Structures are given as C-alpha cells and as structure tokens.
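Please treat every number below as a calculation from the coordinates, not as lab data. Bear in mind the structure is a predicted one, so any value in this text is a computation, not a measurement. In this analysis, Cβ positions are derived from the backbone assuming ideal geometry, glycine residues included, and neighbour counts consider all displayed protein chains.
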Amino acid sequence: MNSYRKELWFNVPSRRAFIKITPDVEECVKESGVREGLVLCNAMHITASVFINDDEAGLHHDYDIWLEKLAPHEPLSQYRHNVGEDNADAHMKRQIMGREVVVAITNGKLDLGPWEQIFYGEFDGRRKKRVLVKIIGE
Amino acid sequence: MNSYRKELWFNVPSRRAFIKITPDVEECVKESGVREGLVLCNAMHITASVFINDDEAGLHHDYDIWLEKLAPHEPLSQYRHNVGEDNADAHMKRQIMGREVVVAITNGKLDLGPWEQIFYGEFDGRRKKRVLVKIIGE
Amino acid sequence: MNSYRKELWFNVPSRRAFIKITPDVEECVKESGVREGLVLCNAMHITASVFINDDEAGLHHDYDIWLEKLAPHEPLSQYRHNVGEDNADAHMKRQIMGREVVVAITNGKLDLGPWEQIFYGEFDGRRKKRVLVKIIGE
C-alpha cells in the first residue's frame, strides 16, 4: 500500500468564496503514483468545506444566498459563539456543505461523474487556510 | 490490497425518490472478495445523494416535505442557476443529504448498525443516472 | 494492509448532546499500530452523528438552537414518522450534521487541523448507542 499527503493553501480576500480544486487534486493523484485507491480531501479548518458540485457561477451565487438564509451572518449577537468572534454562521454553513469528500481513484485518475468538480468552500476568509489531500492505494 | 469498482444505474420516473441500495452494495462486497476494508458509495451526479438512514416510508415522506421547505423547487426564478435548467433546488437538497457514504467492511460484510440502510436519493430524476461503488481492502 | 475495529458506546442522559471523542479515536489509532492510512468514524445509529468542529460550548449551544429551528422537534404530529415514535426531527438533524468523518492518519497520528475536534452528536439519547471506528492502513 502506498500513501501520499499534501496540503493545499488558500488566502481568500473575501469572507466567502468557492474555489475549484479538481486540477490540484488530480495533480496529487498523479504525483502519488496510486492507480487504485481512495483520496480523502478535507478542510483542515472548521469554517470551511470541501464539497463536490457544479462548476457554474449562477449556482454558486444561489448557494451563497441560500446558506445565508439558513444560517445568517447577522445579527452577530444571535450566536453565543460570537464573543470576540464573528464567524458562528460559518461553522453552520460548513456543516451543510460538509467537511470532506472521499473520491475513488481508478486507473490512476479521479473517478468522477461527468459534472462532478471538487470545490474549496470558504465561509470565513481573509486569512491563510488549508486543505488536506491524503491518498492511499496501490 | 484489492480493489473493486461497479456502477449502479437508475432511471427514476419521478423527479424525486429514495431507493434502498443496501442489497446491491452487499452484493458488490461479496463479489470483491474483500474481508477487511472500506467501501465508498457515491452519487456520480450532482443532483443526487447516497445517504444512510431508516427504511421507513413515513420518514421518507417527511424528508421530502422538509427538503422542499429548506430548498423549495419553486418559484424557479429565485435561482440564477435556473437558466435553461429547473433543478437548482436539487443541487441544494443533495448538499443537505450528502454525496457519499463510506462504510466499513468487516469479516466480508457491510459493518452497519441495526437500522442503517443505504439509499440513493434522487432529486432530479426522469433520466439515467448512476452511483459508484469502490472497494479497497484485503 | 492492517485493519482495526472498535465500537465506542454512549448512554446520553438527555435527548441531545455533543460529546468530544477525539481522545478515544486517537487511542484507537495508537492501538491499531497504523502509521499511514484512514480512519472511518461513524454513528451506527440513524438519529446520531459523528462530525468535526470546534470544542466551544457557545457554539454547541448555537448548533442546538439552529438545528431545532431547521428541524423542530414539535409539534410531533407534523411528521408521519412519529407513529409510536417521537424522533423524526432527530433523523433530520443528523443529516445536517452528517453520519461520519474520514480522517487521515499520518506518522501514526490523527492528521487534524489546529482546531479540529471529533464529536459524537446525539439527537435522541437516553439509551445505549454506539460509534464505529474502523482503521485501514500500514
């Protein structure tokens, strides 16, 4: 069994953003030399997500509005977590979008459906944060 | 390390449905010959889910009502994604229910709790779609 | 490839609670002897979660209020599942928080970000329930 580990770093200038990372993860798979296995791709921060969905700007706008409706940023005072913090909503948005994805590797490539793209979802940006890519297989 | 891959295909006649796939995944585990390992089971489409919950018709009805409340299908015009599409809500419903499950294999069997059943969740049906089953282990 | 399996048992006296299990999972990793691999940690019950987020009491209070807003316990009669049951809301809360986490093992340790902690999320307690820890790797 082989294993591989890499961190992907981000510094998103806005509070929220969705960034496509499929090419970065594909590169990791290539570097790992693994032909058959699994890749775990997870946010290492608790106000961010890794998720799989469509690479479509309209949908990303819709997600942003929708998440804000389900877990509003303001008023800040509605959350007990917001004592010296203002990111309680980000901890909730991330639970809806999820922390991680696990993707199959088949014949040395990410085994994704036709429209599946991997995204980093930032909900409390404006600082350096990272994603872990861990691969096991043969 | 052994690996195994299979696609399960669906063509749901309605827009939304929940279909139990535990027996199909159990069959895959058997075919794989893996005694100890992990099985990844994920929707290959971004308007569908694989999730684990109860095999109970009342609950599935409740899920349908609840998801419609959290991410309503109509009015279509509330979503920017709905330009030549009408399935923005399906992309949201699937994030709540999740893309994938990872299940342990122990002694050659799915290592599930007493009420755990694996489901395919369709949120934009009436066409052919599929689930990936990937197994690694020994 | 090595594999390891352990069940963690809980008997939460209240209906809902969040319990930190990072030390228990770390102990499993140690016992497994696995240096590089993956650990799957999942609720074996369908009204409970395993998730990763912050070890902060204010946030846990906020999660409880927020989940109750998204999937209210009462009125019981709003859910068809509640025939001889009163836990339909718990099946929904668990879908938002998720069933499982997959965590990388690197150099014999859980490969977590600085604030990542693993929690058992109970949404229908007052009885014995369990979490599965399954490790594969080398």
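For segment C:83-124, name all the residues that are away from chain A (no Cβ under 11 Å), of a type outside the set (A, V, I, L, M) and surrounded by fewer than 19 Cβ atoms within 10 Å (Cβ to Cβ).
Once the filter is applied, which keeps residues that are away from chain A (no Cβ under 11 Å), of a type outside the set (A, V, I, L, M) and surrounded by fewer than 19 Cβ atoms within 10 Å (Cβ to Cβ), segment C:83-124 yields C:Gly84, C:Glu85, C:Asp86, C:Gly108, C:Lys109.
Restricting attention to segment B:20-32, does a residue exist that is crowded, with 19+ Cβ neighbours inside 10 Å, closer than 30 Å to C:Val83 by Cβ and under 20 Å from the mean Cα position of the chain (by Cα)?
There is at least one residue in segment B:20-32 that is crowded, with 19+ Cβ neighbours inside 10 Å, closer than 30 Å to C:Val83 by Cβ and under 20 Å from the mean Cα position of the chain (by Cα).
What is the one condition in (1) at positive phi; (2) surrounded by fewer than 18 Cβ atoms within 10 Å (Cβ to Cβ); (3) not hydrophobic (A, V, I, L, M, F, W, C) that A:Pro72 does not satisfy?
(1)
Give the residues of segment A:19-66 that are out of contact with any Phe, Trp or Tyr (no Cβ under 8 Å at 6 or more places or on another chain), within 14 Å of chain C (Cβ to nearest Cβ) and within 27 Å of C:Leu70 (Cα to Cα), sorted by residue number.
Listed by number, the residues that qualify are A:Asn42, A:Met44, A:Trp66.
Contact list please: Cβ distance under 6 Å, first residue in segment A:51-73 and without any contact (Cβ under 8 Å) to a residue 12 or more places away in the chain, second residue among the basic types (Lys, Arg), pairs at least six apart or on different chains.
Hits for this filter: A:Gly58/B:Arg80; A:His61/B:Arg80; A:Asp62/B:Arg80.
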